1. Distance in nm between label sites at Tyr225 and Ser99, each 7 Å beyond Cα in the beta-carbon direction?
2. When we measure straight from the Cα of Lys508, which lysines land under 19 angstrom away, once same-chain ones fewer than 8 places off are left out?
3. In what sequence, highest mean first, do 42-50, 477-485, 150-158 appear when ranked by Cβ atoms within 10 angstrom?
4. Given H placed 1.01 Å from N in the peptide plane, which residues other than close sequence neighbours of Thr541 have an amide H under 5 Å from its amide H?
5. Could you tell me how many degrees, from 0 to 90 and to the nearest 10, lie between the Cα long axis of helix 142-152 and the main elongation axis, the longest principal axis, of the Cα atoms of the chain?
6. Report the gain in length on full extension from Leu64 to Asp515: 0.36 nm times residue separation, minus Cα-Cα distance, nm rounded to one decimal.
7. From the phi angles alone, apply the Karplus equation (6.51, -1.76, 1.60; θ = phi - 60°) to the stretch 395-401 and give each ³J(HN,Hα) in whole Hz, x where the residue is Gly or Pro.
8. Considering only DSSP states other than H, G, I, E and B, which trypsin sites (Lys or Arg not before Pro) in the stretch 351-460 qualify as loop sites with at most 13 other Cβ atoms within 10 Å?
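Each reported figure results from applying straightforward, stated rules to the coordinates on display, with no laboratory input. Note that the structure is a prediction, hence the values are computed from the model and not measured. Here the Cβ is made from the backbone with ideal geometry for all residues, glycine too, and neighbour counts use every protein chain on show.
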Amino acid sequence: MRSIFNKIGWFIKQEWKLYLLMFFLLIFISVLALAPAYVLGKAIDVLISGALTKDSLVLLVALLVLLPVTRYFSSFLFHFLVNKTANKLTYQLRHNYLSHLFEMDLDFFETYHKGDLIARITNDLEAITVAATQLLEGIVFNVGIILFAIGIMSFTISWELTLISVTIMPVALTLLNIIRFKKRRYIQKHREIYSEMTEIVLESVEGQKTLRAYGQQKSNLDKQYKAIDRDIESWRYIVNYENWFNPLFEVVYGISYILAFGFGIFFIINQKISVGELVTFVSYIGMLYGPIISMSTIFTQLNNATISVDRYDEILKTQAKVKDEQDAKHILSFKEIEFKDVVFKYPFDKNPVIKNISFSIKNGQTIGIVGPTGSGKSTLIRQLLREFNVTSGLILIDGNDIQSYKVEAVRDLVGYVPQAHVLFKRAVDENILMGNPNANQNMLDKAVKIADFEKDLLYLHDGLNTMVGESGTTLSGGQKQRLSIARALIKDPEILILDDSLSAVDAKTEENIIDRLKEFRSNKTNIIVAHRFSAVRDAHTIYVLENGEITQKGTHAELIRQEGWYKHQYIQQMTMK
Ligand code: ADP
Ligand code: MG
């Protein structure tokens, strides 16, 4: 309970005026809730004593009408304020969470799965918001009712009767809550099961097409059903647990009712209290039941919220490993990039994928990288995107460690066209402009031209305005690649990286693109990872990567004269033509 208030204390401090207002409103509402039973008791005594006048009757009726009406409007105002506060808190928590996610590196996203991250910002966040807003109502209103009711019962009616009938309640409550506290463990487990379920459902939704293509709907559905069943099962367990306890409260309540009635009548006979007072007293016993039950669920909700706050906090506390150093430098252009004994290992792998790689690229050069699938070409070249830090060795830009530059600035140098294309459900031109939202029409046309995407526009029913379906369904593989290339080109990046981006285009289109790159990007740096040698044959230097190591380097002419992978592969490609 302390941890939750520690962690959202900043919000209560920030909104203290609102909280104070809500606090007094709640006190007022709890007094209003108790007043009618008190007035009724008085009315009965007046009636019995025969002192009822017309004036006092009007007053009584007016009070009995006005009190609930005032209570209604106060409650309305209170709930309006609670919702407002809850929305504000949800907004700020989501904002903090999402902006934190944007600062995270790939290391983080390999550690936390999507489903889990979503569960934390939906389910957990809701539990926190409930704790910070509705629980205030629970605590202040219920404690208010309990204290005021017991106060009136013992000070204006009879402290002996109060002692006799009410003592059983807190004793039973405390005992039950101690047992219930154990439920926390099950809740924690339920959260984990819920995250797993979200993950599985997400994966299935995203992979719909592939699943269908492989006729895997059924086995996948089974997997989803199992996950959902597990979720329901674990929730049912918690509810069952709860069901065991709630009837016990009713027993406790019944006992105090009997005690109040029995002893109350005895007290009336002995003229210690009046009939009206007993009516008020018994009404209050009835009114204590709700708040006492609520207080015990508040305990549970606080437990839930504490778990949730920890889960939320865990994410916010995680620091990205790739981040700007204190006085990170800006960079707009470069003369030379040098890899020095670079070793790289993925976070959850044992062995490095890149081993002791050293080479350099001068500004304005075109570099080719070839090698078998899985040899580490993408991994090597993506180091320039600053997704991870290198495991050992150095990447130097103009003699300075790449880590001494602003992460964003280094990424801005690069226009990266990945192997797998990510297109968004927007128009074609919007997809291209993502590379550079400030580009003008000329720049757009030029990018489209270099990427050899012009001819495709003729086939798209609405040209550049054609909507791209989810994951780019309306476009062919080659069109998607060319669109991705245009997206990178529109940025006119210092370094263009084509990471196997020409695999889905035919030989003629590839030639067009390579020719135009030579024409329009002759003074810029280009890194071309390719399978077809035709794409790299004019590169200043070609590197052959095998099993994470550079095994050959040279120009095309040099490499076909050397014994090795390049020559071997080249002959194979030639004979296949
Ligand atoms: P290439 O581009 O030459 O085909 P990659 O750089 O994509 O090779 O992959 C090199 C090796 O690294 C492969 O064995 C691949 O399975 C592994 N790998 C790639 N991405 C990851 C990742 N995110 N986590 C762990 N291993 C990876
Ligand atoms: Mg690759």
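1. Label at Tyr225, label at Ser99, 4.6 nm between them.
2. Lys449, Lys455, Lys480, Lys518, Lys577
3. Packing proxy ranking, top to bottom: 477-485, 150-158, 42-50.
4. Thr366, Gly368
5. 10 degrees
6. That works out to 153.3 nm of additional length.
7. 10, 10, 10, 6, x, 9, 4
8. Here the sparse-neighbourhood loop sites are Lys425, Arg426.
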